[in-house]
Amino acid sequence: MEQNFNFGLENGERQKLEEITKKKISNIVFNSFEDDWSKDTSVFDDKIKGKGDLLFLIEDDKKNKFGGVYYGKVDKSGYWLKGDTSFIFSLVRNGELNPKIFLLKEGQADNAFISCLTNNSYLFAFGNNDTTKNSDIDVGKCGSKYNKCTPTRYTAQSGDLINGQTYTPKSIHVFQLSN
């Protein structure tokens, strides 16, 4: 019962996420263990479309948990959305709970977040770099090799979220936040 109440988060993680977002986690919107996130058949976009105040949490195979928060409404797919108050974060690094948030750099709000189309190889991303076509956090569809962190638009530095630049996702969750 306690695990369900904590939405599958480990001891202390829910509290820390609610502290950094200043909101409560009220619901699971997407769960990669249950929901399809494959190229061409993913339900990810349908699950988040029309919603706002979303927390995206990725766990990799190296005991890192990180992600981003998008407070705006996800009203379209395949286009970068503006998000003045969006941020990315590290919750767990190498198995240790040590939350840190990384804000958007000045003037970078236009490329805060994107939910990719079902036929795209990417699921979603935070922080587009127009020059390199990399993002601060790129999340590929199930089984893809497109999972990487290349901080540019947010204040994170290389190594703040994961070990190196690429990662293998173990799980992806999207949580609804509320006041």
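Numbers for the structure displayed
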item	result
The lone exception for LYS63 - which of (1) over 21 Å from ASN163 (Cβ atoms); (2) assigned to a loop (DSSP other than H, G, I, E, B) it fails	(1)
Any chance ILE162 is assigned to a strand (DSSP E or B) and either at positive phi or surrounded by 15 or more Cβ atoms within 10 Å (Cβ to Cβ) (or both)	no
Residue check for LYS82: more than 20 Å from THR152 (Cα to Cα), out of contact with any Cys (no Cβ under 7 Å at 6 or more places or on another chain), surrounded by fewer than 17 Cβ atoms within 10 Å (Cβ to Cβ) and of a type in the set (Lys, Arg)	no
All positions within segment 117-155 that are over 13 Å from GLN165 (Cβ atoms) and among the hydroxyl-bearing types (Ser, Thr, Tyr)	THR118, SER121, TYR122, THR131, SER144, TYR154, THR155
Residues within segment 53-69 that are farther than 15 Å from SER171 by Cα and surrounded by fewer than 21 Cβ atoms within 10 Å (Cβ to Cβ), tallied	1
Hits in segment 128-159 - residues which are among the polar types (S, T, N, Q) and either assigned to a loop (DSSP other than H, G, I, E, B) or touching a His at 6+ places or on another chain (Cβ under 6 Å) (or both)	ASN129, THR131, THR132, ASN134, SER144, ASN147, THR150, THR152, THR155, GLN157, SER158
Test: residue in segment 118-128 that is at positive phi and at pLDDT 95 or above	yes
Test: residue in segment 82-93 that is more than 16 Å from GLU59 (Cβ to Cβ), outside any loop (DSSP other than H, G, I, E, B), at pLDDT 95 or above and not acidic (Asp, Glu)	yes
Residue in segment 105-123 that is part of a loop (DSSP other than H, G, I, E, B), farther than 22 Å from LYS76 by Cα and among the aliphatic types (A, V, I, L, M) present	no
Given (1) touching a Leu at 6+ places or on another chain (Cβ under 9 Å); (2) surrounded by fewer than 20 Cβ atoms within 10 Å (Cβ to Cβ), number of the condition LYS76 does not satisfy	(1)
Selection count where residues are under 24 Å from LYS51 (Cα atoms) and either surrounded by fewer than 21 Cβ atoms within 10 Å (Cβ to Cβ) or among the acidic types (Asp, Glu) (or both), scope segment 165-176	3
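The values are calculated or read from the model by the stated rules, or taken from the named source; none is laboratory data. Computed from a prediction, not measured in an experiment: that's the story for all the values here. Cβ: placed from backbone, ideal geometry, glycine included. Neighbour counts: every protein chain shown.
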